[in-house]
Amino acid sequence: MRVKVLSRNPDHYVRETKLDLQRVPRNYDPALHPFEVPREYTRALNATKLERVFAKPFLSSLDGHRDGVNCMAKHPKSLSTVLSGACDGEVKIWNLTTRQCVRTIQAHEGFVRGMCARFCGTSFFTVGDDKTVKQWKMESPEYGEEEEPIHTILGKTVYTGIDHHWKEAVFATCGHQVDIWDEQRTSPMCSLTWGFDSISSVKFNPIETYLLGSCASDRNIVLYDMRKSTPLKKVILNMRTNTLCWNPMEAFVFTAANEDYNLYTFDMRFLESPMMVHMDHVSAVLDVDYSPTGKEFVSASFDKSIRIFPVDKGHSREVYHTKRMQHVITVKWTSDNRYILCGSDEMNIRLWKANASEKLGVLAPREKAAVNYNQKLKEKFQYHPKIRRIAQHRHLPKSIFCQIKEQRIMREARRRKELNRRKHSKPGSVPFVSERKKHIVAVVK
């Protein structure tokens with residue numbers, strides 16, 4: 001005779017101490033959970049609402065500059081160190097852990113136009129309106145030692161930007177032309193030019209380190225190869241590009257910040273049309289910087305706000321602003337992918353969270369599990385109308401809100417006009433032009 005009995009191991013459900021959590025046996029058979037989807041929907045809705053409740057991205061303001069912050073640079077080896085240059089020629093080095101200025105240098109007469117750190121982190125370079133390129137030690141001078149640059153190069157024209165090679169003792173400056181310099185020499189190794197206008201920004205590619213990109217005020221984005229000492233190709237847009245930034249994970253991809261309120265993500269192999277047009281700003285975009293993962297980038301605009309865009313989306317996932325923040329001139333995404341720094345006209349550097357509702361500090365294992373579970377729920381139900389509306393809602397300043405409305409009306413009017421022209425013209429005489437190709441004038445090779 002066979003008798004069935006229940007057999008339970010006490011280790012599976014008895015607590016070892018009274019502080020332990022009760023272990024609950026769970027059967028995952030879907031037949032036993034008929035209301036699982038409605039319950040998960042409610043949880044996803046609550047998680048989305050709580051995310052908006054706890055979205056407090058602003059952390060602190062680093063004040064100390066006596067003029068507008070014009071440029072910033074990250075330390076390649078230290079997460080807590082950031083450098084900033086102002087319109088009065090002053091350079092400050094900040095410690096983000098203590099949120100204090102650790103060193104101040106009167107580097108130039110007039111604006112500090114650009115700055116970059118050496119790839120090893122031992123020194124940094126600045127260029128200014130006084131036609132000089134200066135190299136400074138990253139460490140503070142010893143007691144009794146003068147605060148003086150290691151090297152000073154006096155140029156013939158004003159330099160408007162600078163960037164350092166990611167692996168070699170080489171840096172590039174831009175102004176009237178793009179100059180490639182060796183650190184040991186006082187004259188450029190080679191000068192690259194294509195056209196006759198001033199160049200506002202130059203950037204080395206972080207992966208294919210011999211590639212450079214530059215933006216000129218004659219609406220060009222020009223790509224150079226350092227090995228050939230010649231320009232590769234250029235794309236001409238409808239309006240001027242202020243700066244560009246290379247994707248740190250995809251060698252051929254870069255994003256350009258344009259005067260026409262948009263950002264354009266290009267693949268340098270196919271410049272005929274951008275991969276994506278990012279539209280949300282209501283004024284000229286002045287700076288852009290990629291996250292270290294290469295999946296998102298942050299943009300700074302003249303409309304007194306910064307926005308975070310996913311690389312593959314046309315609209316921003318986040319917009320940050322404060323009442324006191326004026327035109328944002330420069331922006332940087334920290335190397336640990338958690339914070340964003342922006343420098344603006346009213347002399348402040350602001351520190352923001354990259355993920356607005358992220359909890360700072362050490363998380364308990366159960367907190368981590370809850371965060372991951374809520375994230376998966378939000379992804380599962382992200383297209384439900386109610387959840388989508390709550391997740392996408394952002395409070396905007398009245399000026400930006402009104403300008404967005406105005407631009408929507410203008411865009412709709414242009415679309416309607418084109419539709420009417422096509423309707424009353426000979427078939428095929430008014431071609432369809434995609435949004436991506438509208439802004440490209442020509443590609444020159």
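Values quoted throughout were computed directly from the atomic coordinates according to the rules given, and no laboratory measurement underlies them. Predicted model only: the values in this text are computed from it and were never measured. All Cβ positions, glycine included, derive from the backbone under ideal geometry; neighbour counts span all protein chains shown.
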One quarter of the C-alpha convex hull surface, i.e. the mean projected area of region 178-228 in nm², amounts to 3.9
Run the reach check for residue 417 against aspartates and glutamates, Cα to Cα strictly under 18 Å, same-chain hits fewer than 8 apart removed. What comes back? 406, 435
Work out from phi, with θ = phi - 60° and the Karplus expression 6.51 cos²θ - 1.76 cosθ + 1.60, the ³J(HN,Hα) of each residue of region 369-381, listed in order in whole Hz, and give x for Gly and Pro. 4, 5, 4, 5, 5, 5, 4, 5, 4, 5, 5, 5, 10
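Local charge sum around residue 107 (other residues, Cβ-Cβ under 15 Å, Lys/Arg +1, Asp/Glu -1)? Walk me through the intermediate numbers first.
On the way: positive: 66, 92, 103, 113, 131, 134, 137; negative: 67, 88, 90, 109, 129, 130, 146, 147, 148.
Spelling it out: positives minus negatives among the neighbours equals -2.
Students often check this: by mean Cβ neighbours within 10 Å, which of 421-428, 275-282, 163-170 ranks highest, and how do the rest follow?
Working: 421-428: 9.0, 275-282: 20.6, 163-170: 17.2.
Averaged packing, sorted descending, gives the order 275-282, 163-170, 421-428.
May I ask you to derive the relative contact order of region 216-277, considering only C-alpha pairs under 8 Å and at least 6 residues apart, and to give it as an integer percent?
On the way: 110 pairs, mean separation 13.5, N = 62.
RCO, region 216-277: 22 percent.
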What is the sum of charges, Lys and Arg at +1 and Asp and Glu at -1, for the other residues whose Cβ falls under 10 Å from the Cβ of residue 239? 0
Which of 77/378; 56/304; 134/332; 77/380; 156/228; 323/368 exceed 29 Å between C-alpha atoms? The answer is 77/378; 77/380; 323/368
Using alpha carbons only, how many angstrom separate the centre of region 228-259 from the centre of region 417-445? 24
Hey, can you grab everything whose amide H is under 5 Å from the amide H of residue 297? Only 5+ residues off in sequence or another chain; H modelled, so Pro and N-termini drop out. 291, 309, 311
Just to confirm a number: summing +1 for Lys and Arg and -1 for Asp and Glu over residues other than residue 348 whose beta-carbon lies under 13 angstrom from that of residue 348, what do you get? +3
Give me a comma-separated list of calculated 3J(HN,Hα) values for region 423-437, in order, Karplus coefficients 6.51, -1.76, 1.60 applied at θ = phi - 60°, integers in Hz, x for any Gly or Pro. 5, 9, 10, 5, x, x, 7, 10, x, 7, 10, 5, 4, 5, 8
Please sort by residue number the trypsin sites (Lys or Arg not before Pro) in region 174-265 whose DSSP state is loop and whose Cβ has at most 13 other Cβ atoms within 10 Å. 185, 227, 228
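Show me the ranking of peptides 5-13, 374-382 by mean Cβ neighbours inside 10 Å, starting with the highest.
Final packing ranking: 374-382, 5-13.
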Karplus 3J(HN,Hα) series, Hz, for region 141-152 with 6.51 cos²θ - 1.76 cosθ + 1.60 (x for Gly, Pro): x, 5, 4, x, 8, 6, 8, 10, x, 5, 9, 10
By what distance, in whole Å, do the Cα atoms of region 1-125 stretch along each of the three principal axes, largest value first? 99, 33, 29
Most to least packed among 41-49, 105-113, 355-363 [average Cβ atoms within 10 Å]: 105-113, 41-49, 355-363
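At 222 nm, what value in deg cm²/dmol follows for the chain if DSSP H runs of at least 4 each add -39500 (n - 2.57) and the sum is divided by all its residues, to the nearest 500?
After summing the helix terms and dividing by the residues of the chain, the value is -5500 deg cm²/dmol.
Semi-axes of the equivalent ellipsoid for region 302-445, please: Cα gyration tensor eigenvalues, times 5, square-rooted, ordered largest first, whole Å. All intermediate terms of the calculation are to be shown ahead of the outcome.
Values: eigenvalues 280, 105, 56 Å².
Taking √(5λ) for each eigenvalue gives 37, 23, 17 Å, largest first.
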Overall Cα dimensions of the chain, principal axis frame, Å, largest first: 101, 80, 48
